[in-house]
Amino acid sequence: MTVTESATPATPTRWTAQWKELKAEVIDTGLCTGCSGCVVTCPHDVIGYEHEEGKYVPFHLETELGPDNCVHGEKGCTTCTRACPRFGAWEPSADMHLFGRIREPDEMAGIWQQLLLTRASDDMVHKMGQDGGFVSAMLIWLREHDYIDAALVSGVEDDDRWKAKPVVVSTREEILATAGSRYTYCANPLALPEAKAAGHERLALVGMGCQTSSPPTMWDRKAGKVAKPFLFNIGLLCSKTFDDAIFAELFEAKYGLAKQDMVKMNIKGAFQIWMKDGSFHEIDLKECHQWTRKGCNHCPDFAAEHADISTGGIGEDNDWTLTIVRTDLGVEVINRMIADGSIIARPAQEDEKAMKLLRMLSIVSRRRWPNDADPAPAVGVPPPKKKAPAPAPAE
Ligand SMILES: Cc1cc2nc3c(=O)[nH]c(=O)nc-3n(C[C@H](O)[C@H](O)[C@H](O)COP(=O)(O)OP(=O)(O)OC[C@H]3O[C@@H](n4cnc5c(N)ncnc54)[C@H](O)[C@@H]3O)c2cc1C
Ligand code: SF4
Ligand code: SF4
């Protein structure tokens, strides 16, 4: 290296990317997850979103420059690309902001400090939760200990308990009414305007990795004051979500399982469904595959790598939550919850099956990230094992 090169200070490049670049790089290429980060941050309210079957993709509402460009972007507005957790080098950006370093190539499930299995100590919370009821217990705890005013979570429509919709919860009753998992998509950040209208200034966001990567990306890229209310970020491990059509076209049409009679569902190697008549059904995940929501096809983030705490249900026991504690704030809260008896916790490393699955499912998701996008999510991902060649036919 020459003296001239080393003495020249690097000029920071100005961030100029706007809707035009977002549409070309993320939406048109199929990288968009429908997380709604761009929608809720747009300072001019010109990004629309349809929370309907087969949609879940943002679109431009103004017609002046057509669907591919934005008048405000042409005048210098760049908020949407700063907020998007699939635009540019989003993974290093959120890593640096949260952890001060990028993940090591072998950190398939992202950066973490503690790996635990947890469950709510309160029987009612435990019973209402999908796995150990940890997420609901933590929301109740964060509210009671004045960390947050409210949380953005997934509720359901009044007339359809399996049609998810983004809602704001602030009381124990509201939190428990929205516990459990819906396996269709719910862009929880879309509840932000409702939270603001109610005067809530300190929020927790519950969501899959596609959603929980958004606040740290916004903070790192200085997307503006809209990122401020997100104080606590709770991730849900996730391989995919399904289109709502799966209820009518597969569960009902082929297996006669009516949506309104379903009381619980889970995904543990198969799609498991409990009906109100007490029957239990398992449907092969391969059969469900064709109803995978488009936005999940290229998603590399199984482990919700940019949450304060990420949670999942893999492992030997159905009634514990696998809990990945990532940030200092996450450690502070989990330690206080254990100390005051709000949750029971044990080391997750005791459950070898959960540890193996966490790594394996994280790798499987990372392999979906396309080669022509920013390379970071694919760094360190081992190639799929080659299948053994078929034995030569006997002579
Ligand atoms: C779509 C989806 C896919 C998942 N896939 C996996 C997986 O492959 N492997 C795995 O280990 N874990 C997966 N999980 C996480 C798991 O189902 C539990 O959410 C997690 O273990 C926390 O359990 P809990 O009992 O602590 O949470 P609870 O106390 O039951 O709280 C769950 C929280 O999730 C919110 N929520 C429910 N449905 C949605 C939704 N569709 N979108 C956004 N928020 C929602 C609820 O509002 C509630 O706040 C998935 C979750 C979802 C929603
Ligand atoms: S991934 Fe999220 S922020 Fe990015 S374009 Fe899609 S909805 Fe907008
Ligand atoms: S797989 Fe899960 S985390 Fe990824 S885009 Fe789909 S819903 Fe989001």
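Scanning region 254-272 finds no residues that are in contact with a Leu (Cβ under 6 Å, 6 or more places away or on another chain), surrounded by 15 or more Cβ atoms within 10 Å (Cβ to Cβ), at pLDDT 95 or above and more than 19 Å from G129 (Cα to Cα). Step by step: first the residues of region 187-197, then only those that are part of a helix (DSSP H, G or I) and under 13 Å from the mean Cα position of the chain (by Cα), then the one that is nearest to ligand 1 (Cβ to nearest atom). Which residue is that? Among them, the one singled out is N188. Residues in region 121-154 that are over 11 Å from T311 (Cβ atoms) and of a type in the set (D, E): D122, D123, E144, D146, D149. Is it fair to say R202 is crowded, with 19+ Cβ neighbours inside 10 Å, under 30 Å from L115 (Cβ atoms) and among the charged types (D, E, K, R)? No, not satisfied. The sole residue among A198, A204, A177 that is over 17 Å from T323 (Cα atoms), touching a strand residue (DSSP E or B) at 6+ places or on another chain (Cβ under 7 Å) and modelled with pLDDT of 95 or more is A198. Taking region 198-290 as the region of interest, none of the strands (runs of 3 or more DSSP E) fully inside it holds 3 or more residues being closer than 27 Å to V57 by Cα and without any contact (Cβ under 8 Å) to a residue 24 or more places away in the chain.
For region 158-183, what are the residues that are within 6 Å of ligand 1 (Cβ to nearest atom) and part of a strand (DSSP E or B)?
A164
Residues that are within 18 Å of F87 (Cα to Cα), without any contact (Cβ under 8 Å) to a residue 40 or more places away in the chain and within 16 Å of ligand 3 (Cβ to nearest atom) within region 27-61 comprise I27, P58, listed in sequence order. Looking only at residues of region 306-348 that are aliphatic (A, V, I, L, M) and in a loop (DSSP other than H, G, I, E, B), we find that the one that is nearest to ligand 1 (Cβ to nearest atom) is I314.
When region 63-122 is filtered for residues that are touching a strand residue (DSSP E or B) at 6+ places or on another chain (Cβ under 9 Å), more than 21 Å from V135 (Cβ to Cβ) and in contact (Cβ under 8 Å) with a residue 12 or more places away in the chain, the ones remaining, listed by number, are P67, D68, N69, C70, C80. Residues in region 165-178 that are crowded, with 19+ Cβ neighbours inside 10 Å and in contact with a helix residue (DSSP H, G or I) (Cβ under 7 Å, 6 or more places away or on another chain): 6 in all.
Yes/no per residue for (1) modelled with pLDDT of 95 or more; (2) within 30 Å of Y147 (Cα to Cα); (3) away from ligand 2 (no atom under 16 Å from the Cβ):
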{"site": "D284", "(1), (2), (3)": "yes, no, yes"}
{"site": "D301", "(1), (2), (3)": "yes, yes, no"}
{"site": "E316", "(1), (2), (3)": "no, no, yes"}
{"site": "S342", "(1), (2), (3)": "yes, yes, yes"}
{"site": "P347", "(1), (2), (3)": "yes, yes, yes"}
{"site": "K387", "(1), (2), (3)": "no, no, yes"}
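The residues of region 295-354 that are within 30 Å of W90 (Cα to Cα) and hydroxyl-bearing (S, T, Y), listed by number, are S310, T311, T321, T323, T327. Taking region 8-102 as the region of interest, none of the helices (runs of 4 or more DSSP H) fully inside it holds 3 or more residues being within 15 Å of ligand 2 (Cβ to nearest atom), at pLDDT below 95 and touching an Asp or Glu at 6+ places or on another chain (Cβ under 6 Å).
A residue that is part of a helix (DSSP H, G or I) and buried (at least 18 other Cβ atoms within 10 Å of the Cβ) occurs nowhere in region 146-157. Considering region 274-305, the residues that are among the aliphatic types (A, V, I, L, M), on the phi < 0 side of the Ramachandran plot and within 14 Å of ligand 1 (Cβ to nearest atom) include one that is surrounded by the fewest Cβ atoms within 10 Å (Cβ to Cβ), namely L285.
The values are calculated or read from the model by the stated rules, or taken from the named source; none is laboratory data. Being a predicted model, the structure only gives us computed values, none of them experimental. Every residue, glycine among them, receives a Cβ derived from its backbone with ideal geometry; neighbour counts consider all protein chains shown.
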